[in-house]
1. Select from the range 1-102 those GluC sites (Glu not before Pro) which occupy a DSSP coil region and have at most 13 other Cβ atoms within 10 Å, ordered by residue number.
2. How long is the chain along each principal axis, judged by its Cα atoms, biggest number first, in Å?
3. Would you mind checking Lys46/Lys218; Lys5/Lys240; Lys99/Lys184; Lys2/Lys58; Lys191/Lys286; Lys58/Lys181 for any pair whose Cα atoms are more than 28 angstrom apart?
4. Only sites in a loop by DSSP and with at most 14 other Cβ atoms within 10 Å count here; which trypsin sites (Lys or Arg not before Pro) in the range 248-295 make the cut?
5. Check Ile29: other-chain or 5+ apart residues with amide H under 5 Å from its amide H, H built from backbone geometry?
6. Can you give the log10 of the normalised intensity I(q)/I(0) at q = 0.15, 0.27, 0.29, 0.34 Å⁻¹, computed with Debye over equal Cα scatterers of the range 255-295?
7. Test of the criteria: in the range 63-126, which trypsin sites (Lys or Arg not before Pro) are in a DSSP loop and have at most 15 other Cβ atoms within 10 angstrom of their Cβ?
8. Summing -39500 (n - 2.57) over the DSSP H runs of n ≥ 4 in the chain and dividing by its residue number, what mean residue ellipticity at 222 nm do you reach, to the nearest 500 deg cm²/dmol?
Amino acid sequence: MKIKKVVIPVAGKGTRFLPATKEIPKEMIPILDRPMIHYAVEEAVKANIEEVIFVTSKGKEVIEKYFQRNSTLEEFLSKNGKEKQLQNIKNIGDMISFKTVEQSEQLGLGHAVLCAEELVGDEPFAVILGDDLILSSEPVVGQLMKISEEKNFSPVIGVMEVPNEETFRYGIVSGNMLNDKTLKMDSMVEKPEPQNAPTNLATPGRYILTPDIFQCLKEIPRGSGGEYQLTDAINHLAKKRDVYAHVFEGDRFDTGNLDCYLNAMVEFALRDQRTEGLMRNIIKDKAAQMERGLL
Ligand code: UTP
């Protein structure tokens with residue numbers, strides 16, 4: 001057995017990014033020179049996943065299109081001797097195979113994952129949330145896939161340590177540590193205040209799930225915000241079978257709101273050899289201007 005498929009839900013409305021998301025899907029907003037969704041798909045490719053399943057919604061067709069070949073543009077670049085750019089865009093269309101299913105009503109992340117049931121079939125699969133970007137030497141879904149395989153293809157939730165005072169922003173897991181990185185999960189608590197948080201291990205959008213999650217998704221009632229929450233279904237699953245959480249290696253950047261997006265852009269620019277020097281100079285100049293009271 002091998003984990004071959006990843007579900008990437010992209011059907012959300014992206015209201016925190018209006019007005020840009022009025023006409024452009026949030027996932028198509030770029031970090032440096034590529035849309036956010038490109039990084040999510042790249043993570044799956046690096047983990048040797050074979051198929052991406054987008055859960056999409058009306059008006060987001062451009063996401064699928066981005067991952068298809070564009071023969072007109074390819075011809076133009078070829079005729080004009082722009083070989084490097086040509087290879088760049090050809091590779092996008094050839095990265096991996098894609099399937100799409102529509103979520104006709106945005107009833108929450110849990111509901112979005114349930115929409116992929118038929119395309120996933122009866123096998124374990126990965127889930128990547130495209131607005132959580134993670135820079136790591138080994139792709140995070142790949143790290144979780146390894147743990148899942150070691151545990152006989154059990155569900156594994158990717159977690160990261162957060163400062164105690166920030167637990168109220170995340171889903172937080174509790175359970176028994178099996179070693180310094182992996183724990184057997186008892187439950188997941190949605191956004192607990194620090195004094196009520198069982199741990200400081202937060203869940204930023206990387207999962208290995210098993211097909212029995214679909215039954216759990218059908219059994220849960222609407223949860224927080226009136227939406228079907230994936231967290232609730234995972235909690236339900238953990239009562240029926242062993243579910244693990246694993247502290248992944250990597251630096252995670254939320255891009256779902258303006259503050260975090262801006263921070264991600266600066267960090268990505270500092271870590272990309274094409275832009276690192278430029279970014280450092282900008283930061284130095286701005287710091288000097290601030291010191292002189294010019295900013
Ligand atoms: P978010 O909670 O970030 O929601 O969803 P959102 O709609 O994208 O953004 P805001 O909060 O309105 O600004 C987390 C992930 O789940 C997907 C989103 O596309 C995003 O990748 N999602 C959410 C769905 O696919 N369907 C839904 O019904 C809800």
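1. Those satisfying the criteria are Glu23, Glu50.
2. 59, 52, 36 Å, listed from the longest principal axis down.
3. Numbers: Lys46/Lys218 32 Å; Lys5/Lys240 23 Å; Lys99/Lys184 33 Å; Lys2/Lys58 32 Å; Lys191/Lys286 36 Å; Lys58/Lys181 40 Å.
Pairs exceeding the cut-off: Lys46/Lys218; Lys99/Lys184; Lys2/Lys58; Lys191/Lys286; Lys58/Lys181.
4. Working: sites: Arg252, Arg271, Arg274, Arg280, Lys284, Lys286, Arg292; in loops: Arg274, Arg292.
Loop-located and lightly packed - Arg274, Arg292.
5. Met36
6. Debye output, listed in q order: -0.44, -0.85, -0.88, -0.95.
7. Working: sites: Lys65, Arg69, Lys79, Lys82, Lys84, Lys90, Lys99; in loops: Arg69, Lys82.
Sparse-neighbourhood loop trypsin sites (Lys or Arg not before Pro): Arg69, Lys82.
8. On the way: 11 runs with 109 residues, N = 295.
One gets -11000 deg cm²/dmol as the mean residue ellipticity at 222 nm.
Bear in mind these aren't lab numbers, they're just calculated from the coordinates by the rules spelled out. Here the structure is a predicted model, which means the values were calculated and not measured. Please note: Cβ atoms are built from the backbone with ideal geometry, for glycine as well, and neighbour counts cover all protein chains shown.
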